[in-house]
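Below is one structure, written out as structure tokens; comments come after it.
Since every read-out is calculated from the coordinates, none of them should be taken as a lab result. Values in this document were obtained by computation on a predicted structure and should not be read as measured data. Cβ coordinates were reconstructed from backbone atoms using ideal geometry, including for glycine residues, and neighbour counts include every protein chain displayed.
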Amino acid sequence: MSSWFLLLPVFLPLVGGLLSYFIVFPSDGSRRWFYGILTVATTALAWMAILRCGSDTFILLRFTDKLTLSFRMDGAARLFAGLSATLWPVTMVYAWDYMRHEKHLRMFWAFFTASFGVTLGIAFSANMMTMYLFYELLTLATLPLVMQPMTSKAIQAGIKYVIYSMSGAALAFIGLVFVIVTDAQDFVIGGHLAGYAGSRTTLLSVFALSFLGFGVKAAIWPLHAWLPAAAVAPTPVTALLHAVAVVKAGAFACIRLTYYAFGPEAVAGSWAQELVMTLAIFTIVYGSSMSLKQQHFKRRLAYSTVSNLSYILFAVSIMTTEALTASFLHLIYHSVVKIMAFFAAGAVLHYGEREYVDELEGLGKYMPVTFACFTVASCALTGIPPFNGFISKWYIALAAVHTYHPLPLLGFAALLLSALFTAIYMFQVVVRAWFPSKEGILPLPGTVREAGALMLVPMIVLAAACLVMGLFPQSLLDLIREAVSV
Amino acid sequence: MSFVQNFPFFSVILSLLCAVTSFFLDARWAKRLTLFLLCTSIGLQGSVLSFCYRNHMSYEYLMGHFAAPWGNEIALGILEPLFALLFATVMLCCVLGGIKRMERDVFPGKQSYYWIMVDLAHVSLLALCYTNDIFTGYVFIEICTIASCALLSIRENGRALIAAVRYMVFALIGSGLFLIGVIFTYSITGQLLFPQLYETIASLWEAGTYRFSMTIAIGLMVVGLAIKSGMFPFHFWMPDTYGRATPASSGILSGVISKGYIFLLIKIIYRVVGIEIFAASGVQTLLLLFGIAGMVAGSVSAIFAKRLTTMVAFSSVAQIGYIYMGLGMGTQAALIAVFFQIFSHALTKPMLFLSASQLANVSGGRQDFRSLCGAGHRHPVAGFTFTVGALSMVGIPLFAGFIPKLYFATSAFGLGWKTWPVLLALAVSTVLNVMYFLYTTILIWLPREEGARNHNRVMPQVETIVPAALLAGFNLMVGIHSSALTALFTQGIDLFCQ
Amino acid sequence: MEQLFGNLLYNYEEVVAVILFSIGFCILLFSRNLIKKVVGLDIMDTGVFLLLASRGYIAGRHVPIIVDGITTAEYYINPIPAGLVLTGIVVSVSVSALMLSLTVRIYRTYHTLDVDSLYMMMSVSKGGKQ
Amino acid sequence: MLVGIILLPLLTGLLIPHFIPGGRRRRFCFLMASQIVEVCVVTAAVLSGRDYTSDIWRLTESLTIALNLDGVAAVFCLLTVISWLLTLLYSYEYMQHEHGHEANFYTFLFISEGMLLGTALSADFVSMYVFYELTSLCSMPLVLYERTRKAITGAVKYLYYSIGGAFFVLFGLAVLYDNTFTLDFLPGGTLIPGHHTQLVLASIFCIILGFGTKAGMFPMHNWLPTAHPVAPAPASALLSGIITKAGVIGILRVIYFIAGANRLRGTWVQTACLSLALFTVFMGSMMAFTEKNFKKRLAYSSISQISYVLTGLFVLSQEGLMGSLLQITFHAAAKIALFYIAGILICLAGVRSVERFRGVGRRLPVTFGCFVFAALSLVGIPPFGGFVSKWYISLAALDGLPGAFAYLAPAVLLLSALLTAGYLFPPIIRGFFPGADLPESPGDRLREPWQLTVPLILLAAVCGLLGLFPDLLTSVMQRIAGAVL
């Protein structure tokens, strides 16, 4: 299948979603059907592309002779696209139930679908220019979703989000220009700049800046503040975008930048590497310790996302192939786990009418399935074997140890510390929910009940996925290895 | 000597004629005449451009009977008609988009004068593009000043008047300095035509005589034009001027007129002084620094602006800053970037002014941001065009604003110490642009119940929509299909600097 | 020192022109009355024109107007600066006319010509309707 | 076979308490039956003397889960299943006096048994780590059974400490993965010689600290006195007697099967661990001596007693290892018995604090009779069991340890034994001889249900008999230790 096919999964939801903003749907049902079909079609196309597309480049547009807008399918693209294309329909099903009573649904669904396309665009982009374009578009497409409740708080959060992301893009822009100038912008594993002739200081500073720039979406400290603020968004958005699509796009962009544009050899062992690694390590600890302090359920999860994203960035900054494998592994695993955790939080918010952690005493009795899923998520996120979180941690650890440098080892230690924090802030919830203390049981309103089927099914599916990925990681691991080796 | 080569001359003369005849016409006919003139001149410039492009030639055209070095002549390659075309098109769009509003702002009795002034502005722009004679340049600068000041002050509004006076004062200081610069140059070289000036200056510089006074002269000319086009430290007149005029005028002033001065400046730098001497004179570095300062300062003051149009006006300070930064970088790539910046800004800023005025209209004529909440829903097209403009200003790919940003940055590498200031300035100014442009965009798209309730949705009039939409279209075209323009510019530049 | 004075004395036109220009410039910038500003503007222009005219003057030659059939260029002074000055004068006249008209209208609107009080009024009426 | 050993309790726990119809008694019979089967299976497996190994699961090429039944594992398994059997019997009566969801209690009881067996049976480090984590996770609900704030706090604290310790282990694990030929447990260790020696030593120290958390070793012992007292008596008996030993297995495996005793002998790791262990021994009994709440006192005493075991291990000699194995056994017996007693005191006489023991011995003669045995054994008075183990450990320390430690260690052990006597005998004396100035009559004798007393008596008997005829056990342990070193 030739690579023009890549355009379909990218532009079908992008265009379709944006146009659908102008459709006036007679009923909820019809809207549901429309977007359901659109999303499923996109997923199908994406998977066809993943499975069938060859690795030739399709040039959509030429800015200049060397500056093109082009798409290409390679291993990394397969992984990221596959991840998004799997999680999007799941989230859509969840959102059907969750968003039922929300306002501004037109906007929500239009941009929700559009951002699907943009995410796939990031996955499929063949060079820095294209990825930068879609990176910017992603900010714009997800902005309305963040502001969806349209409360002043949400608007503040949205503005914060857009300013942070765009500043990140502005930094990343420098990197973009640099790779354009040095002809390094096509993504090839191993990068182009290994034997860069020009001034090394420039190379390194550009790398550090642009890594930070792309890192903004991956919420690297000190540019992380937008993510917790964005927790005001409706749960499907928080779950999908701020646990998977947007933030993982940031991490993915960092991977592209490091391994596919600059190349590990160009940067490894330099102060730039140490700088980004230190930031990542700090973020790991910072994020989880912050989320210890949060009493707001979703914000707690958001901070835990901050920390977990930096696991990925830390692995990226180790700059060995096995580290790349590990980072992809954690990228995928964390997506599944965190989206499930957010789903559970959303269900609690929606059906349990609770949004603070200390109100959850004894809620497990009323919403058993939800909290069962949440428990699985906690175990996985903490990294208790044989849940999947353990596997990815294990491989990050091996990669870190294998360098035998003090800084990665320190990072590994930080990772374990933050894992302990993770245990604390996750199991606090779990224990509260399942084992309320005699003194502490709150009077529950009769309206509290188990979440609806449309919410439960995605959660259960994801929980199952967690276990399966934990018990049969070998195949996925080989997949990733094969993906990053070409 | 093909017939097409007369077109530049014709267009100048034609618009002069129109200006004169409009005296004896009433507003309606004057309007028609002007529109006709603009359309024709677009046609003329277009044909000249295509002619020059096809034959890849540039030529001098004698005005009057005296040959060089005494006579007066116009010279054109590819760039001159290209920019003339741009200016004419943008003017047409501005005028079309602003008519309704203009007719509300200006006394019916005075409207014919408005059209005269438009004609004058147009002719002076054409002259600035085409002239090959520095003193003619000065004369048309003055005419341009008068015309634009009139365009500004014709509005019956005290603040517009004061803004006009302020503008006038600064403009006159600018042109005065420019004139002195011209006189110095003349008294040193004894020449007025660009090519002769170029040779003489080069030989003088070789000989090492008059270097100091030459530097002074260059500095005076540059500063004069810089003041008139609103470079950073001299931008105080700008916000009120652009922010208070009737939208058409603001569009013309911000989008086109300042660009005319800048184009003349570029001509002087590359065809009178010569880029090497310009760089050696040290004025270049100053331009770079002031440009960067302007990029930042303009955006910062835009962030604190209270009114929408004031904000847009301040943002043009920043955009002009880009241009001067590019001139300060002084490489050919940077020059291309500058041309792109001129293009994108000339296409974007009028659009922004037009849609801003539309948005203000549907918000009860108020310009403060609270009333503007949700204006986009009340006037979708204006909202859309404003969004396009904003995104282009921020520099999102696929929009025109991205291309100059990209070219500036690419040409920044390999400039020695200049690299990092330029890159960081670009980054910072992007962030600042986000802070006010995207902020405003978000604001105008807030759902209705968030914004001011009392204004109900008005049906936008087609003649205000079309030009803005047209400009938006051009904008996207430049953004997406920039390679053609790049080719045009590169060819134009080697004709231009020979 | 003497040499400097010598130079100054030698091209006294420039000196005068510069003095005139600076006078005009100062008035234009620092005077608070609009009318005075216009006057300053004119003085400035005059200085410039004097400078320009003095460029073209060659001692002992005549105005380049052909009266008694002498057509040799050596008989006349350089005509170009004269032409330039003429143009310049026209321009400056029109400019000052425009300025004055503006001033009149401002006076009609605000009943003052004092710049500061004008800006004060502006800042009072800030942010209101257009 | 081995898989069965692990699966049986798992299934029992998951199914029987919830899905067997009929009353409490019926369900209990089923539980009992399956536990008896379990015991038989394990015993058969052990006695058959065959070296079972089974490769359960391959997560990835570097993460495999495999089981293997060697001598050490055999000891632990037998201990575990037997004490679970007794505890089950005990808890049938005991749990009637507790309010709470009893089914869950049994569920987690059995699951954690399975996980514990897994920990004991693991054939390599990774699988041991896996089972170890799961053990902590599954035994946590046992602690918070009573659902009081204190109980929950204790449980959570237990959980966090264990997980934190586990992460220490994980750190070392990842480092060792890169520096060993294999992570399978081979006697004598599998380290690659001369490969990042310091890093490896540090990581081994981390591992020991990590497992030490479970074993209540000094820097991270703090959860123990909080968690054990709040748990219901059967649970705390098992926690104190057996589950804490999971940490001991971990340390044992790492020292003797991954690092290899010869590698560690004389390194700073040995010194550091020894000093920690000894300090813990002393500190534990000191704290216990000052503690008034009986269960809490027992908890502290476990801290000190288990560090006896660790001391034995850190001696890195055959006698030391053998002594530790003995100490594990005897301490398990005695400590479980003591916690049973504490439970009986609470649910029959309602006595928690040591002050109120006066005269209780008269009302609960059987219980207190066993108390005497258990106490004597724990203190280590010949001819009781505890004496044997402590004797071997001290001997090993005397001739195994370098320099000052050779004398310091026995001294500390002796001192702590005195302290032990100090905190165990007075309650007994008070219990039997309240003294004439007892304000009100202690009340007449209470009925002691056989379900409570039988396990108690059995354990007391073990303490006594094995002390009288030590070579029943010592010969076995000798063999095992010989196999290891």
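A few points about this structure:
- Solvent-free Debye scattering, log10 I(q)/I(0), computed from the Cα coordinates of segment B:73-231 at q = 0.11, 0.16 Å⁻¹: -0.53, -0.97
- From phi via Karplus (6.51, -1.76, 1.60), per-residue ³J(HN,Hα) for segment A:212-217 in Hz, x at Gly/Pro: 4, x, 5, x, 4, 5
- Calculated log₁₀ intensity ratio I(q)/I(0) where the Debye formula runs over C-alpha points of segment B:1-55, q = 0.13, 0.16, 0.18 Å⁻¹: -0.37, -0.51, -0.61
- Cα-Cα separations in segment A:240-339 greater than 23 Å, expressed as whole percent: 24
- Average silhouette area of segment D:338-485, convex hull of alpha-carbon atoms, in square nanometres: 10.9
- Peptide B:178-189, shielding by other chains (average Cβ, 10 Å cutoff): 4
- Panel values: segment C:2-124, Kirkwood radius from alpha carbon pairs, Stokes-Einstein at 4 °C and 1.567 mPa s, translational diffusion coefficient 76 µm²/s.
- Interatomic Cα distance distribution for segment B:299-498, bins of 5 angstrom, percent: 1, 8, 16, 19, 18, 14, 10, 6, 4, 2, 1, 0, 0
- Each listed q (0.12, 0.16, 0.18, 0.20 Å⁻¹) maps to a log10 I(q)/I(0) for segment D:23-161 from the Debye sum over equal C-alpha point scatterers, namely -0.56, -0.93, -1.09, -1.21.
- At 0.692 mPa s and 37 °C, Stokes diffusion of chain A via Kirkwood alpha-carbon radius, µm² per second: 148
- The fewest-to-most ranking of C:Glu74, D:Glu98, B:Glu156, B:Glu73 by surrounding Cβ atoms within 10 Å reads C:Glu74, B:Glu156, D:Glu98, B:Glu73.
- When the Cα positions of D:Ser301, D:Pro434, D:Leu466 are compared along the charge dipole of chain D, D:Pro434 comes out farthest toward the positive end, with charges on each C-beta of Lys, Arg, Asp and Glu.
- Spin-label pair A:Phe472/D:Thr290, simplified geometry with 7 Å Cα→Cβ offset, distance in nm: 5.8
- Charge dipole (debye, nearest 20) of the protein assembly as shown; +1 at Cβ of Lys and Arg, -1 at Cβ of Asp and Glu: 3940
- Label point at D:Phe433 placed 7 Å out along Cα→Cβ; residues across segment D:343-369 whose backbone nitrogen lies under 16 Å: D:358-362
- With neighbours defined as other Cβ atoms within 10 Å of a residue's Cβ, the residues D:His195, A:His242, A:His350 order from fewest to most as D:His195, A:His350, A:His242.
- Cα-Cα P(r), the protein assembly as shown, percent of pairs per 10 Å interval: 1, 7, 13, 15, 14, 11, 10, 8, 7, 6, 4, 3, 1, 0, 0, 0
- Peptides D:394-407, A:392-405 ordered by average Cβ neighbours within 10 Å, highest first: A:392-405, D:394-407
- Using θ = phi - 60° and Karplus 6.51 cos²θ - 1.76 cosθ + 1.60, couplings along segment C:83-93 (whole Hz; Gly, Pro as x): x, 4, 4, 4, 4, x, 4, 3, 4, 5, 4
- Ratio of Rg to Rh for segment D:91-216: 1.10 [Cα atoms; Kirkwood radius as inverse mean 1/r over pairs].
- For the segment A:140-147, counting C-beta atoms of other chains within 10 Å of every residue's C-beta and taking the mean gives 2.
- Other residues whose C-beta falls under 14 angstrom from the C-beta of A:Ala157 contribute a net charge of +4, scoring Lys and Arg +1 and Asp and Glu -1.
- Summing Cβ point charges (Lys, Arg +1; Asp, Glu -1) relative to the Cα centre of segment D:265-485 gives a dipole of roughly 480 debye.
- For segment A:38-178, taking the reciprocal of the average inverse distance between every pair of different Cα atoms yields a Kirkwood hydrodynamic radius of 16.4 Å.
- Only the Cβ atoms of Lys and Arg (+1) and of Asp and Glu (-1) were treated as charged; on that basis the dipole of chain D about its Cα centre amounts to roughly 1180 debye.
- For A:161-174, mean number of other protein chain Cβ atoms within 10 Å: 6
- Diagonalising the gyration tensor over the Cα atoms of segment A:280-486 and scaling each eigenvalue by 5 before taking the square root yields semi-axes of 32, 19, 12 Å, largest first.
- Rounded to 10°, Cα long-axis angle of helix A:28-52 versus longest principal axis of chain A: 40
- Listing D:Thr453, C:Thr112 from fewest to most neighbouring C-beta atoms within 10 Å gives C:Thr112, D:Thr453.
- Cα gyration tensor shape of chain D, rounded if a/c is under 1.5, else prolate or oblate by comparing a/b with b/c: oblate
- Scalar couplings 3J(HN,Hα) for segment C:35-52, obtained by applying the Karplus form with A = 6.51, B = -1.76, C = 1.60 to θ = phi - 60°, are 4, 4, 4, 4, 4, x, 4, 5, 4, 4, 4, 4, x, 4, 5, 4, 4, 4 Hz; x denotes Gly and Pro.
- When the charge dipole of chain A is built from unit charges on Cβ atoms (+1 for Lys and Arg, -1 for Asp and Glu) and taken about the Cα centre, the candidate among A:Leu120, A:Thr320, A:Thr235 whose Cα reaches farthest toward its positive end is A:Thr235.
- Across segment B:181-338 the C-alpha pair distances fall into 10 Å bins from zero in the proportions 11, 39, 29, 16, 5, 0 percent.
- Helix A:246-255 axis, angle to chain A major axis (alpha carbon atoms, nearest 10°): 30
- Cα gyration tensor shape for segment A:393-483, rounded if a/c is under 1.5, else prolate or oblate: oblate
- The angle separating the long axis of helix B:380-394 from the principal Cα axis of greatest extent in chain B is about 40 degrees.
- Placing pseudo-labels 7 Å out from each Cα toward the beta carbon at B:Phe212 and C:His62 gives an inter-label distance of 4.1 nm.
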